[in-house]
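Read the structure below first, then the notes.
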Amino acid sequence: MLGLERDADETAIKAAYRKKVKSAHPDTGGDPDEFGRITTSYDLLKDPVRRKVYDDTGYDPQLADVADLKGLVVLESLINDMILDEREPGSFDPVAALRRKLTDDVLKSRFNILELERHRGRIRQHVDRLGRRPEKDVLGSMLRARTQSISEAIKAAEAQIDAIERAYSMLEGYSYELMPLERPEDNDVSEEEDSAEDDAFSEATIGPPKAAE
């Protein structure tokens, strides 16, 4: 919007904003929508924290959808796995690996929810079966508090699933180019060595050739 380089400093940002805003200001006949976008861009770039997040992710932390920001946090936690993988780039598909990891995390979270719901149901049954209770129902209060804690844990797990699914959607459209598989003729093996290996393999699998009658 401001025509700036990525590494523009504060002075360059201010100069570009003042130049743009002169012609875009509604009081001088400019487009209000364009003026708003220019002002938003300036506000983002002069805030070092917002600018850092935008440079790293392409999202403005103050204007982006909260669900998108949560998805970014999930992806950020997996990026190190991609970077630290010692396999040769091109020999494996890191994008597919990210998708598999996200899918596994969703399944684990859903299983965790099922377990939490099972425990909550058991606690509620205990509460319902308590007979006469003293004036201060300490046991009932503890059980109900535990039920509330489990309910909050279920909500947190459901929110985590939403974040993981949003992160997965952010990977849509990505592909990764793998190195072509090495062809047999590319190997540095002579024809004589190939023939010897073939003879050895044949002898090991079907036995030595029969003598001529």
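The values are calculated or read from the model by the stated rules, or taken from the named source; none is laboratory data. What you are looking at is a predicted structure, and each value in this text was computed from that prediction instead of being measured. Quick reminder, even Gly has a Cβ in these numbers, built from the backbone with ideal geometry, and neighbours come from all protein chains shown.
Worth pointing out:
- Remark: pairs (first residue in segment 88-108, without any contact (Cβ under 8 Å) to a residue 12 or more places away in the chain; second residue surrounded by 12 or more Cβ atoms within 10 Å (Cβ to Cβ); Cβ separation under 6 Å; 6+ apart in sequence or on different chains) are absent.
- Among the residues making up segment 139-176, those that are assigned to a loop (DSSP other than H, G, I, E, B) and touching a residue at least 12 places away in the same chain (Cβ under 8 Å) are L171, Y174, S175, Y176.
- Qualifying position, being of a type outside the set (V, I, T), closer than 30 Å to M179 by Cα and assigned to a helix (DSSP H, G or I), among E76, E117: E76
- Members of segment 80-99 found to be within 20 Å of A163 (Cβ to Cβ) and modelled with pLDDT of 90 or more, listed by number: V95, A97, L98, R99
- Q148 falls short on exactly one of the conditions (1) of a type outside the set (K, R); (2) surrounded by 10 or more Cβ atoms within 10 Å (Cβ to Cβ); (3) at pLDDT below 95, and that condition is (3).
- Contact map, segment 53-64: first residue free of Cβ contacts under 8 Å to residues at least 60 places away in the same chain and among the polar types (S, T, N, Q), second residue surrounded by 14 or more Cβ atoms within 10 Å (Cβ to Cβ) and not in a loop (DSSP other than H, G, I, E, B), Cβ cut-off under 8 Å, separation 6 or more or different chains; pairs are T57/L72; Q62/L44; Q62/R50.
- Qualifying residue in segment 176-184 (condition: modelled with pLDDT under 55 and not assigned by TED's automatic domain parsing to the domain that holds K101): no
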